[in-house]
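Following: one structure in C-alpha cells, then a few remarks.
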C-alpha cells in the first residue's frame, strides 16, 4: 500500500501545524510520499521582493520572475524544511523537484482564454514510477515539490494537486494507493462560515451541482477535479481533511464516484 499525501500551503505556512502534520504522516502504514505546495510562502517572498502576484481561478500566473521565485521557494526553502523535519522524526526522506531524476515531466500549458505562463500540464506518462519504486526499495520517502520540467531544459510551475493525482494514478497500476489532500479545514465545508460543517462524503454528481451553484469555488475546484480524476483512474481511496485527522477514519471528506 502507498499513502500519497498532499500538503497545502496553509499547512506549510503554519509551523506548529506543519510539525503535527508530519508527525501524523510518519505514523501512516506502508510506503509514503509527500507532495507539497507552498503558495502562501511564495506570496510572502514575492511581496518581500516587491513583486505582485496574479492568480486566476485558483491558479497562479507564472511569468519569468514568478517562476524563479516559486522554484527557489518550493524546491529550496519549503522542500528542505519538510525534509529536515521528517529526518527529526526518524524517517529518511529525500526532496525532489520534478526535474530531479526525470521524476515528473510535463509540457507547457497552451494558451486558450488565459495565458498562465510557465505552467506545466501532465500526461499519463509524466511520472517516473520506476524511480519511485527504487526509492521505496531502499527505504527512501520522496518529498516532491510542484516544479516539473519539459525535457528541453525548462522548468514549469505545476499544480501540486494535479501532481498528487497523476502520481497516485501511476502508482495504482502496481499498488493499492490512498490519496489524501490535507489543508486547514476539516474537509469540504457545507458552510464556509462554519468550520465544523464538513461533508462526510461527496459524490461526483453532487460536486458538479455545488460547483455550478458556486458553493465550491476558487482553489477547491481543481483540488476536487483532480480527486475525482484519480478515483476514475484506479486510485483506491481519495479523501480531503485537516492533517490532524490524517489517520482518523471518519473526520474527513471522502470522495465517491457514485
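The values are calculated or read from the model by the stated rules, or taken from the named source; none is laboratory data. Every value quoted in this text rests on a predicted model; they were computed, and no experiment measured them. Cβ coordinates were reconstructed from backbone atoms using ideal geometry, including for glycine residues, and neighbour counts include every protein chain displayed.
Key figures
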read-out: Of all residues making up region 54-80, the number that are buried (at least 18 other Cβ atoms within 10 Å of the Cβ) and either over 17 Å from the mean Cα position of the chain (by Cα) or in a helix (DSSP H, G or I) (or both); value: 11
read-out: Scan of region 31-71 for residues that are in contact with a strand residue (DSSP E or B) (Cβ under 6 Å, 6 or more places away or on another chain) and without any contact (Cβ under 8 Å) to a residue 60 or more places away in the chain, ordered by number; value: 61, 63
read-out: Selection status of residue 112, surrounded by fewer than 22 Cβ atoms within 10 Å (Cβ to Cβ) and either touching a residue at least 40 places away in the same chain (Cβ under 8 Å) or in a loop (DSSP other than H, G, I, E, B) (or both); value: yes
read-out: Some residue of region 21-28 being farther than 18 Å from residue 140 by Cα, in contact (Cβ under 8 Å) with a residue 60 or more places away in the chain and assigned to a helix (DSSP H, G or I); value: yes
read-out: Considering residues of region 226-245 that are in a helix (DSSP H, G or I) and under 26 Å from residue 18 (Cβ atoms) only, the residue modelled with the highest pLDDT; value: 230
read-out: Matching entry among 61, 69, 82, 34 (being farther than 21 Å from residue 165 by Cβ and in contact with a helix residue (DSSP H, G or I) (Cβ under 8 Å, 6 or more places away or on another chain)); value: 69
read-out: Pair list, Cβ < 8 Å and 6+ apart or interchain, from region 136-158 residues that are at positive phi and in contact (Cβ under 8 Å) with a residue 24 or more places away in the chain to residues that are surrounded by fewer than 15 Cβ atoms within 10 Å (Cβ to Cβ) and in a loop (DSSP other than H, G, I, E, B); value: 139/92
read-out: Check on residue 219, on the phi > 0 side of the Ramachandran plot and at pLDDT below 95; value: no
read-out: Failed item, numbered, when residue 209 is tested on (1) surrounded by 16 or more Cβ atoms within 10 Å (Cβ to Cβ); (2) closer than 22 Å to residue 227 by Cα; (3) free of Cβ contacts under 8 Å to residues at least 12 places away in the same chain; value: (1)
read-out: Where residue 226 falls short, out of the listed (1) more than 16 Å from residue 184 (Cβ to Cβ); (2) buried (at least 19 other Cβ atoms within 10 Å of the Cβ); (3) in contact with a strand residue (DSSP E or B) (Cβ under 7 Å, 6 or more places away or on another chain); (4) in contact (Cβ under 8 Å) with a residue 40 or more places away in the chain; value: (3)
read-out: Strands (runs of 3 or more DSSP E) lying entirely in region 139-214 (those with 1 or more residues that are closer than 30 Å to residue 63 by Cα); value: 141-144, 147-149, 155-157, 177-182
read-out: Sole exception among (1) more than 19 Å from the chain's Cα centre (by Cα); (2) assigned to a helix (DSSP H, G or I) for residue 223, by number; value: (1)
read-out: Residue among 91, 131 that is outside any helix (DSSP H, G or I), touching a helix residue (DSSP H, G or I) at 6+ places or on another chain (Cβ under 8 Å), more than 18 Å from residue 71 (Cβ to Cβ) and at pLDDT 95 or above; value: 91
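This table checks each residue for (1) farther than 15 Å from residue 4 by Cα; (2) surrounded by 15 or more Cβ atoms within 10 Å (Cβ to Cβ); (3) in contact with a helix residue (DSSP H, G or I) (Cβ under 7 Å, 6 or more places away or on another chain).
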{"residue": "182", "(1), (2), (3)": "no, yes, yes"}
{"residue": "185", "(1), (2), (3)": "yes, yes, no"}
{"residue": "190", "(1), (2), (3)": "yes, no, no"}
{"residue": "201", "(1), (2), (3)": "yes, no, no"}
{"residue": "217", "(1), (2), (3)": "yes, no, no"}
{"residue": "221", "(1), (2), (3)": "yes, yes, yes"}
